[in-house]
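Engineer: Below: one structure in structure tokens.
Bear in mind that the values in this text are calculations on the coordinates, not laboratory data. Note that the structure is a prediction, hence the values are computed from the model and not measured. Here the Cβ positions follow ideal geometry from the backbone for every residue, glycine too, while neighbour counts run over all protein chains shown.
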Amino acid sequence: MISPWSMTVLSLLVTFFGFTLIAGYIGAKRTGKGLHEFYVAGGTLSTITVIFTYMATYMEAYEFCGMSALFVSDGAQWWLVDMSSYVVYVGLFIPLAIKFYKLGKLHKYVTITDHIVHRAGGFEKPLRIILAILLLWSTIIYVGMIYIPAAGVLSAATGGEISYHVFLALYVVFIIIYVAAGGMRAVAYADVIAGFTFLVAFIAMIYITIFHWGGFDKLAWTAYTSDIAPLTFTRTLPV
């Protein structure tokens, strides 16, 4: 028998993904035929939507789960190094993005694969197969990096009563449905929903940290000295 609290956690997740299914439905209605529509939403997404989906790509469970443990175990300097890499990345990304944008408009590229195949000037079919395998490999790692820890957090929220495999299965099923239905437009809409959800949760976490735990230092030390700390943190500080 599942406890009321675990059922609440599960219900919240299903409710959240219910909204993403709505996003998938709207995305499907607004998406026309063709690869350009499915993969890049016809290039018609608004600036705010693109910002949300960009941030979702680079700051999902990796930052939310992994970086908090790294911050506590190895210190603030490693967090600053990680954050500074984003600043450097954006600085390098902008001039390259402008160049690729112009080339994409000129030659009507849909994906980076189109650009590479065009530059190679031949061997299109085998080259596309090789690139698809390489992109699939990196995507599997990326998806695992995001959704396995996210499912683990939800499982931990239930005290392990509901296995992380259950939450992971829910993630995969719902995501496949709305991505297949609405393509990139559905992904972007879902990222906006996730972004606002994260902002609300982030504000709630700050409030709880200050008024319930008495500050971040006390919360971090409680986590660092807990029974499960060896499984979460790489201990470099004395207990």
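Engineer: I need the phi-derived Karplus couplings for the stretch 89-99: 6.51 cos²θ - 1.76 cosθ + 1.60, θ = phi - 60°, integer Hz, Gly and Pro marked x.
Structural biologist: Along the stretch 89-99, the couplings run 4, 5, x, 7, 6, 4, x, 5, 4, 4, 5 Hz.
Engineer: Hey, if you put +1 on the Cβ of every Lys and Arg and -1 on every Asp and Glu Cβ in the chain, which of 113, 195, 18 ends up farthest toward the positive end of that dipole?
Structural biologist: Of 113, 195, 18, it is 113.
Engineer: A follow-up question, please. Just to verify a number: FRET efficiency for residue 218 and residue 79, C-beta to C-beta distance, R0 = 22 Å, to 0.05? Mind showing how you got there, number by number?
Structural biologist: Numbers: r = 19 Å, r/R0 = 0.84.
The formula returns an efficiency of 0.75 here.
Engineer: Let me ask something else. Quick one, what does Rg over Rh come out to for the chain if you take C-alpha atoms and the Kirkwood Rh? If you can, show how the numbers build up before the last one.
Structural biologist: Numbers: Rg = 20.8 Å, Rh = 20.6 Å.
Reported Rg/Rh (Cα atoms, Kirkwood Rh): 1.01.
Engineer: Next up: Please find, in a Gaussian network model of the chain (springs between Cα atoms separated by less than 10 Å), the residue of 115, 107, 36 whose mean-square fluctuation is greatest.
Structural biologist: Its mean-square fluctuation being the largest, the pick is 107.
Engineer: Label residue 44 and residue 7 with points 7 Å out from Cα along Cα→Cβ: what is the distance between them in nm?
Structural biologist: Placing both labels 7 Å along Cα→Cβ, they lie 4.4 nm apart.
Engineer: Further question on the same structure: Given the options 206, 177, 193, state which has the largest fluctuation in a GNM of the chain using a 10 Å cut-off (strictly under) for Cα springs.
Structural biologist: Most flexible of the set in this elastic network: 206.
Engineer: I've got another one for you. By how many nm would the segment from residue 209 to residue 156 grow when fully extended, if each residue of separation counts as 0.36 nm and the alpha-carbon distance is taken off?
Structural biologist: 17.3 nm
Engineer: With an 8 Å Cα cut-off and a minimum separation of 6 or more residues, compute the relative contact order for the chain in percent.
Structural biologist: Working: 174 pairs, mean separation 102.9, N = 239.
Computed over the chain, the figure is 43 percent.
Engineer: Can I ask one more? With each label point set 7 Å from Cα along the Cα-Cβ vector, what nm distance links residue 124 and residue 148?
Structural biologist: Spacing of the two 7 Å Cα→Cβ label points: 3.8 nm.
Engineer: At 0.36 nm per residue, and after removing the present C-alpha to C-alpha distance, how many nm does the segment from residue 197 to residue 88 gain when stretched out fully? Could you put the intermediate results ahead of the total?
Structural biologist: Values: separation 109, 0.36 × 109 = 39.24 nm, distance 2.75 nm.
The span from residue 197 to residue 88 would gain 36.5 nm if fully extended.
Engineer: I need the phi-derived Karplus couplings for the stretch 141-151: 6.51 cos²θ - 1.76 cosθ + 1.60, θ = phi - 60°, integer Hz, Gly and Pro marked x.
Structural biologist: 5, 5, 4, x, 5, 8, 8, 5, x, 5, 5
Engineer: Identify which of 192, 88, 117 has the largest mean-square fluctuation in a Gaussian network model of the chain, with springs joining Cα atoms closer than 10 Å.
Structural biologist: 88
Engineer: Separate question: Excluding the sites themselves, what is the longest stretch of the chain that contains no trypsin sites (Lys or Arg not before Pro) in a DSSP loop with at most 11 other C-beta atoms within 10 Å?
Structural biologist: No qualifying site falls inside 109-239, the longest such stretch.
Engineer: Under a Cβ-only charge scheme (Lys and Arg +1, Asp and Glu -1), can you give me the dipole magnitude of the chain about the Cα centre, in debye to the nearest 20?
Structural biologist: Working: 13 positive and 11 negative charges, 220 e Å.
Taking the Cα centre of the chain as origin, the dipole is about 1060 debye.
Engineer: Using the Karplus curve 6.51 cos²θ - 1.76 cosθ + 1.60 with θ = phi - 60°, work out ³J(HN,Hα) for each residue of the stretch 175-183 in order, rounded to whole Hz, and write x for Gly and Pro.
Structural biologist: Rounded to whole hertz, the list is 5, 4, 5, 6, 6, 5, 6, x, x.
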